[in-house]
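Beneath this line is the structure, given in structure tokens, with notes to follow.
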Amino acid sequence: MRELFGTDGIRGIVNKALTPELAYKLARALVGYFDNSQGKKVLIAQDTRRSCDMIKSALSAGLTSGGIDVLDAGILPTSSVSYLVKTNPDILLGIVISASHNPVEYNGIKVFANDGFKLPDEVEEKVEEYMKGNDNYYRADPYEIGRIFQFNEGKEIYKNYLKQVVNEDFTGFKIMLDCANGSASNVAPEIYRELGAEVYAYNTKYNGLNINENCGAVYPEIGKALFIESKSDIGFTYDGDADRVIGFFKDQIIDGDKILGIIAEYFKRQGILRNNKVVGTIMTNYGLEMYLDKKGIKLIRTNVGDRYVLETILKHDLNLGGETSGHIILFDYLPTGDGILTSLFLVKIFKHMKDDFVRILEEIKLLSQVHDKINISEIKLTEDDEKKIIDIAKEVIKDNSIRIIIRRSGTEPVLRITLEGDVPKKELECFLKDIKEKILSYLSI
């Protein structure tokens, strides 16, 4: 079992769970695991957090001590690394320093293999073993120590790839972008302007501390207000590392479920939706599943986390999957979620089939959902505890038509509670309040 790697790499509060010592140990463990990698290169990108420089320095020290060169790509979206690692045969790995949608006190480390995929579970487990072992891994002699190179061209290579994929002229379109003071800030507005769009960009002035602060995909209502203010045709809000996106049209928020529905129908029309199936998660709204079913598209559900969405895409030979949060994997182009690429596809669809775009938004009738969370950082939940918590929720809700989803977060020390049903939202909120109080009492918090 992995202890450090969660559903999206290693993540934690900086200088508590995630320290420079831990980052250095990880780098040295990678040197040990990927033996005989001297002379190879590791590409590192980051988001805009102040703590990224500290973590990058520790990673670079560990890697260069093993004779590995570091290509510093600077501030770029996570998905850019998934593409860039494949552009140079000397690149051994890609590393992204980011805690995605989490607040600034968090940071994280994600590792990509040179095929563009995140490291498999079994490799992460092995790397953890190396981190716990004695550091007797290779150390280069003074003439072979690795060096650090700036890789500024990575941004243009990534931008050009996305423009090539979408292959459109957006002249005449007004686009609103909320960049969350994160990795999209210097990339997304440039791409859209280079494609001819008139861009209204917000939250692009990052200072190392304001990433995701009352902006971005975590706060869609704020993005919606910015969109309405801008009077744009369509708008988008990204999270800190731009691997997720939420859209806006007229007075609507287009969440990941609706995005998945729009792209699934478009792909099917184009004859490129593989096997007439898409992947969602246990959180995917049942309203989307019913809509897809009417269109002859089957929804396959998996656990929450883009790594599990990807695993299911591979298992069933598919090319589209995503999460309610806005992680959408367009597998024909990238094996990870890319908020900018997803938004470009939505504008492409909007341009060529606006009437259908509007119709799809109207026809996907999402059921009511409510969410809450409980901090469990000081609690070690057992399997029996988790079963009891589910029983508590079922005792409160006698209606079998209401879906209960209680799960541990893969990125934060919290227990997430979601209720979904074809009932008024206020009714679900009352149930949720009662369930949370009873769980807190059981856990004696």
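The values are calculated or read from the model by the stated rules, or taken from the named source; none is laboratory data. Bear in mind the structure is a predicted one, so any value in this text is a computation, not a measurement. All Cβ positions, glycine included, derive from the backbone under ideal geometry; neighbour counts span all protein chains shown. For the accessible areas, the whole protein counts, side chains as well, though only heavy atoms, and no ligand, DNA or RNA atoms are used. Shrake-Rupley method; radii C 1.70, N 1.55, O 1.52, S 1.80 Å.
Name the residue that is farthest from K387 (Cα to Cα), counting only residues in region 430-445 that are touching a residue at least 40 places away in the same chain (Cβ under 8 Å) and over 31 Å from the mean Cα position of the chain (by Cα).
Only one residue tops the list, namely K438.
From the list K380, K348, which one is touching a residue at least 12 places away in the same chain (Cβ under 8 Å), open to solvent by 10 Å² or more (accessible area, probe 1.4 Å), among the basic types (K, R) and not in a strand (DSSP E or B)?
K348
Quick grid of which residues meet (1) modelled with pLDDT of 90 or more; (2) in contact with a strand residue (DSSP E or B) (Cβ under 7 Å, 6 or more places away or on another chain); (3) of a type in the set (S, T, N, Q):
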position: I389; (1), (2), (3): yes, yes, no
position: E395; (1), (2), (3): yes, no, no
position: N400; (1), (2), (3): no, no, yes
position: R408; (1), (2), (3): no, yes, no
position: T411; (1), (2), (3): no, yes, yes
position: L419; (1), (2), (3): yes, yes, no
position: L432; (1), (2), (3): yes, yes, no
position: E437; (1), (2), (3): yes, no, no
position: S441; (1), (2), (3): yes, no, yes
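Would you confirm whether or not region 353-369 contains a residue that is part of a loop (DSSP other than H, G, I, E, B) and in contact with an Asp or Glu (Cβ under 6 Å, 6 or more places away or on another chain)?
Within region 353-369, one or more residues are part of a loop (DSSP other than H, G, I, E, B) and in contact with an Asp or Glu (Cβ under 6 Å, 6 or more places away or on another chain).
How many residues, within region 249-268, are without any contact (Cβ under 8 Å) to a residue 40 or more places away in the chain and either surrounded by 22 or more Cβ atoms within 10 Å (Cβ to Cβ) or of a type outside the set (A, V, I, L, M, F, W, C) (or both)?
Of the residues in region 249-268, 3 are without any contact (Cβ under 8 Å) to a residue 40 or more places away in the chain and either surrounded by 22 or more Cβ atoms within 10 Å (Cβ to Cβ) or of a type outside the set (A, V, I, L, M, F, W, C) (or both).
Would you tally the residues in region 33-54 being in contact with a helix residue (DSSP H, G or I) (Cβ under 6 Å, 6 or more places away or on another chain), surrounded by fewer than 21 Cβ atoms within 10 Å (Cβ to Cβ) and not hydrophobic (A, V, I, L, M, F, W, C)?
1
Contact list please: Cβ distance under 9 Å, first residue in region 284-310 and at positive phi, second residue part of a loop (DSSP other than H, G, I, E, B), pairs at least six apart or on different chains.
G305/D8; G305/E323; G305/H327; G305/G410; G305/T411
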